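The values are calculated or read from the model by the stated rules, or taken from the named source; none is laboratory data. Values in this document were obtained by computation on a predicted structure and should not be read as measured data. For neighbour counting, all protein chains shown are included, and Cβ atoms are generated from backbone atoms with ideal geometry for every residue, glycine included.
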Amino acid sequence: MKFDNNGSAYIAKTRLESAGIHCMLAGEDSTGFQPILTSRTGGIRLLVLEPDFEQARAILAGEDPDPDWENLEEGEDDPEWF
């Protein structure tokens, strides 16, 4: 997957890492000094291992349920602990 800005790339990376998928960003430094060149350099690429590709795609497309929310017991989502 490709991104034009660091913010979107890091959000996607964090979503995958929280699901236990190892990933990395490539080209993230292209948005610093000359952000207009980001699209010419191919943008920021989010890389995952091939065996994790389908699950990563599903998570980023919003098709894969968040495993942390499936196993909550009653009261665990109580906002008082924040």
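Give the residues of the range 44-67 that are modelled with pLDDT of 55 or more and in a helix (DSSP H, G or I), sorted by residue number. Working first, answer last.
Applying the first criterion (modelled with pLDDT of 55 or more) to the range 44-67 yields 44-65.
Once the filter is applied, which keeps residues that are modelled with pLDDT of 55 or more and in a helix (DSSP H, G or I), the range 44-67 yields Glu50, Pro51, Asp52, Phe53, Glu54, Gln55, Ala56, Arg57, Ala58, Ile59, Leu60.
Restrict the check to the range 16-28 and report whether at least one residue is at pLDDT below 90 and surrounded by fewer than 13 Cβ atoms within 10 Å (Cβ to Cβ).
No, the range 16-28 has no match at all.
Can you tell me which residue in the range 3-20 is farthest from the chain's Cα centre (by Cα), limited to those that are closer than 12 Å to Val48 by Cα and of a type in the set (D, E, K, R)? Before you say what the answer is, go through the steps one by one.
In the first step, residues of the range 3-20 are kept if they are closer than 12 Å to Val48 by Cα; the result is 12-13, 16-17, 20.
Subset that is of a type in the set (D, E, K, R): 13, 17.
On the way: Lys13: 3, Glu17: 7 Å.
Ranking the qualifying residues of the range 3-20, first place goes to Glu17.
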